[in-house]
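Just below is one structure, and these are the notes that go with it.
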Amino acid sequence: MHSDSVRPAVTELRLSAFKSHRGVTLPLSPLTLLSGGSGSGKSSALQAYEILARLGSGESLSRAVGEVAGSPAACVPAGAHPDEQGRRGFRIGCTVDGPAGPVSLDLAVQAEPELRIVGERLTGGGETLLTTALTDPTRPAVQAAWHTAGATPVTRAPLPDDRLGTSLLPLRVAGKTAGQRLVLAAAEQVVVALRSAFVCDPRPEVMRGAGAGGTGVAGEGDGRGTEGGGPGAGRAGRAAGARGGGAGAGRGKAVSATARARGSGGAGAAGGAVGAWGARARKTSGGEAGGWGREAGEPRDEGRLRSSCDNLPMVLQRTSRECARRHAVLVAAVRGACAGPVEGLRAVPWQPGGTGEGPGGAPAAVGRGGSTGPHGVQGAGDAAGGPAGVRAVLDRGELGELPVEQLGDGELRFLALALVLLTGPDVLAMDPVGEVPSAHQQMTVMADGMDRCMDRRQARELVSLAVRMTERGHVRLLGTVRDPSVADGLPGVQVLHLGA
């Protein structure tokens with residue numbers, strides 16, 4: 001079971017019973033836009049994908065569901081009645097294509113009266129590779145059975161009922177038989193694809209409220225940290241040890257164990273340069289940095305863009321230094337979306353209270369090289385003061401420099417989303433698999449309300465940029481739009497109309 005693809009990617013999302021969806025299957029191309037009226041389930045589809053992505057990253061079920069959907073009960077389809085034991089739940093799944101061929105993952109989640117994964121099935125190559133079932137409701141575990149194809153056809157063992165069993169398999173499967181190696185290859189493919197996701201929701205009010213220093217509102221973007229343990233400790237390993245799931249190894253060890261078991265049967269080398277700014281690995285002394293959020297006590301990594309994009313100036317400062325060519329493409333894209341001239345975009349040093357006065361005594365914007373701008377436009381955060389840092393500014397030629405926080409909401413969202421499409425995992429606050437070469441990974445950007453606050457010209461410019469980037473093969477996009485006509489005539493864009 002092999003395919004020509006070396007970059008695992010989610011190619012189908014199944015919403016068997018989730019919120020307003022029943023029996024819905026969404027085929028996902030490299031660039032997929034969901035459209036439909038209010039209440040058609042566009043945002044719900046992205047939420048289901050994000051729950052799977054978080055579980056694939058090793059998060060607990062309670063955190064994955066709580067952070068995404070608000071509450072487990074909110075995920076249960078409307079009108080679903082409890083059984084005799086008062087149980088209600090939801091079912092979601094996906095198909096991942098990659099070097100191991102198409103692999104399907106399906107989950108049955110009990111939302112009430114207690115949140116738990118009550119069933120999981122992993123299939124590929126015509127084989128059922130993993131199944132789990134809740135056999136004793138009094139225990140926080142499910143009975144798992146995975147394909148062995150050796151002297152013993154199936155291996156059985158308990159796994160925790162609040163973790164994705166597929167992500168735990170590399171900790172439990174030795175890889176000695178052909179069947180075990182098949183299981184490991186399929187599990188790795190699914191985990192790599194799910195972990196290579198970045199949810200982007202630029203919030204202009206937060207980007208402005210962060211001030212020019214780009215340090216962000218206290219707590220903003222950090223609520224997705226992991227549970228317990230120190231920095232770099234693997235979520236899946238900590239959970240397995242805590243809840244009787246077995247070895248307490250971290251995610252990094254799990255994936256590298258899978259890679260070792262696969263041996264030469266894994267994905268082949270991919271040609272071409274990786275489409276990402278900043279190819280260097282970013283590690284802490286305890287393991288991987290970033291992920292869905294920070295561990296308690298970890299310092300903020302201002303060089304990695306957070307989901308709300310509240311630290312945009314710091315990230316722009318980094319990316320403009322690391323890849324002048326990509327930065328030039330970003331400037332050109334912003335020029336097409338912003339009103340007025342745009343000759344450049346850069347981060348400049350900023351000190352509270354360091355601005356001068358414009359005409360009539362009004363506080364002035366920072367001018368070129370830190371001098372006073374000619375138009376006396378007040379920069380957000382100047383009056384309030386704050387710590388020294390950097391601010392992002394547009395160079396408008398003879399008009400001087402304009403702090404980006406003074407742009408309109410649509411312009412700010414365009415700038416942030418364009419930066420995400422032009423960069424890669426090393427610059428985003430996400431948690432790709434460090435043990436798998438980046439050439440074998442493919443980032444998926446999820447953008448709910450992709451055209452929010454934008455006029456049609458801006459939205460079409462953004463979709464056009466997405467077309468160019470997805471054609472390179474290193475990034476995929478799943479977004480929702482109000483106006484699907486922004487993609488009319490653009491090649492490679494799949495628009496799925498929901499609620500029709």
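Derivation of every value follows stated rules applied to the coordinates shown; laboratory data play no part. These numbers were taken from a predicted model, which means no experiment stands behind them. Don't worry about glycine lacking a Cβ; one is built from the backbone with ideal geometry, like all the others, and counts go over all protein chains shown.
From the Cα gyration tensor of the range 7-144, with a ≥ b ≥ c the square roots of its eigenvalues, which class applies: rounded if a/c is under 1.5, or else prolate if a/b is larger than b/c, or else oblate? Oblate, since a/c reaches 1.5 and b/c is not below a/b.
Using C-alpha pairs under 8 Å with a sequence gap of at least 6, the mean separation divided by the residue count of the range 76-189 gives a relative contact order of 18 percent.
Using a Förster distance of 41 Å, how high is the FRET efficiency between Val329 and Gln351, based on the Cβ-Cβ distance and rounded to 0.05? Calculated transfer efficiency: 0.85. Of the peptides 156-165, 192-201, the order by per-residue mean of other Cβ atoms within 10 Å, starting with the highest, comes out as 192-201, 156-165. Per-residue Cβ neighbour counts within 10 Å put Arg396, Arg63 in the sequence Arg396, Arg63, beginning with the fewest.
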